[in-house]
Amino acid sequence: MRFSIAIPQFDYDVFDADGLRSYVLRAEELGFEGIWTLEQTIGRAPLLAPLELLSYCAAFTKRVRLGVAVLVTSQHEPLQLASAVTTVDRISHGRLDIGVAPGRGGVTLTAFGVEKDTFISWFTEGLNLMKAAWSDQPTVDFHGRFRDVEDLPFAPKPVQRPHPPIWFGGMAPKALARAVRHGDAFMGAGASGIEAFAAAVPIVRRELAEQQKDPAHFPISKRVYLMVDDDAARARERVLGGLNRIYNGLIPGIEQVPVSGTPTDVIRGLQEVIDAGAQTLLLNPVGADVPENREQMERLAAEVIPHLG
């Protein structure tokens, strides 16, 4: 098993640069494979933008991978986003992972000029344009439904070839088929429960077989929102408070998603995710600030991870 950790993104009055730097360096020291962010461009939670935050972390780390799950790429101009991704990949010397998603349609995407009836096609075409920009060709030629590009130079290219690993989520069979077709890895969303993840894994594996992709090179992971506390009731209260800070009650049933409780409770909950098919785990403490998340990371490393496998 491999484990990654989410890094604090809340920014209230003053950015805690020293605290975040210490947190990230400690994550690298503890042996976490990666540090991950999420994107919430529009929302009430004061979350820092993921690629910019990872760019900051790249400057003082050496080994740990840098991830974002997910970029709602429909909210971005593809060539501009391809350039931003390339920059983080290059300044980190090839340590970037990117998750992508089309979003849910509706008001949020409308704010970015994306039509609800075509947002999946918009997303897929945009991703294909990004891949064309990252290719070994010095210029981009792309003729799609929404975008037309001819002989457009794009440089530099990412360190990782043909591009940084692309992670997909999804639960519906069509979304999972799309994930295998266009992606390099699968990550169950933090806002979905273990049951949904357990149902998605066999579909992903079936699609890998049908699309003739090597499962050994297509990792399966899950983000898990969690909280460790010696008092199980207090852990539950803390984790629900954290989820409310992120989602502000906008996702029905979110209270059924997290893993919380004593170290033994959390070990049991995470082992269920592993048994459901997770090959890697993205552990996501939902503390209010850097010190609370640092306390959680230390407890996970010392009291939980050694007992998982």
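The values are calculated or read from the model by the stated rules, or taken from the named source; none is laboratory data. Treat the numbers as computed from the prediction; the structure is a model and nothing was measured. Cβ coordinates were reconstructed from backbone atoms using ideal geometry, including for glycine residues, and neighbour counts include every protein chain displayed. What goes into the accessible areas is simple: the full protein's heavy atoms, side chains included, and nothing from ligands, DNA or RNA. Shrake-Rupley method; radii C 1.70, N 1.55, O 1.52, S 1.80 Å.
Tell me, please, whether a residue that is of a type in the set (A, V, I, L, M, F, W, C), under 19 Å from Gly34 (Cα atoms), in contact with a Leu (Cβ under 8 Å, 6 or more places away or on another chain) and without any contact (Cβ under 8 Å) to a residue 40 or more places away in the chain can be found in region 141-157. Steps first, answer last, please.
Going residue by residue through region 141-157, those that are of a type in the set (A, V, I, L, M, F, W, C) are 142, 146, 149, 152, 154-155.
Checking the rest, the ones that are also under 19 Å from Gly34 (Cα atoms) come to none.
No, every residue in region 141-157 fails to be of a type in the set (A, V, I, L, M, F, W, C), under 19 Å from Gly34 (Cα atoms), in contact with a Leu (Cβ under 8 Å, 6 or more places away or on another chain) and without any contact (Cβ under 8 Å) to a residue 40 or more places away in the chain.
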What do you reckon, is Thr124 outside any loop (DSSP other than H, G, I, E, B), of a type in the set (S, T, N, Q), open to solvent by 10 Å² or more (accessible area, probe 1.4 Å) and at pLDDT 95 or above? yes
Of all residues in region 81-98 being over 21 Å from Phe168 (Cβ atoms) and in a helix (DSSP H, G or I), which is most open to solvent (accessible area, probe 1.4 Å)? Arg90
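Listed residues Leu129, Leu109, Leu71; which is part of a helix (DSSP H, G or I), open to solvent by less than 10 Å² (accessible area, probe 1.4 Å) and closer than 19 Å to Trp167 by Cα?
Values: Leu109 fails: closer than 19 Å to Trp167 by Cα; Leu71 fails: part of a helix (DSSP H, G or I).
Criteria check complete, one pass: Leu129.
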Has region 52-60 got any residue that is out of contact with any Ser or Thr (no Cβ under 7 Å at 6 or more places or on another chain), closer than 20 Å to Ser221 by Cα and either at pLDDT 95 or above or open to solvent by 60 Å² or more (accessible area, probe 1.4 Å) (or both)? no
When region 183-203 is examined, which residues are found to be touching a strand residue (DSSP E or B) at 6+ places or on another chain (Cβ under 7 Å), in contact (Cβ under 8 Å) with a residue 40 or more places away in the chain and in a helix (DSSP H, G or I)? Phe197, Val201
Ser260 fails exactly one of the following numbered conditions: (1) open to solvent by less than 20 Å² (accessible area, probe 1.4 Å); (2) more than 18 Å from the chain's Cα centre (by Cα). What is the number of that condition? (1)
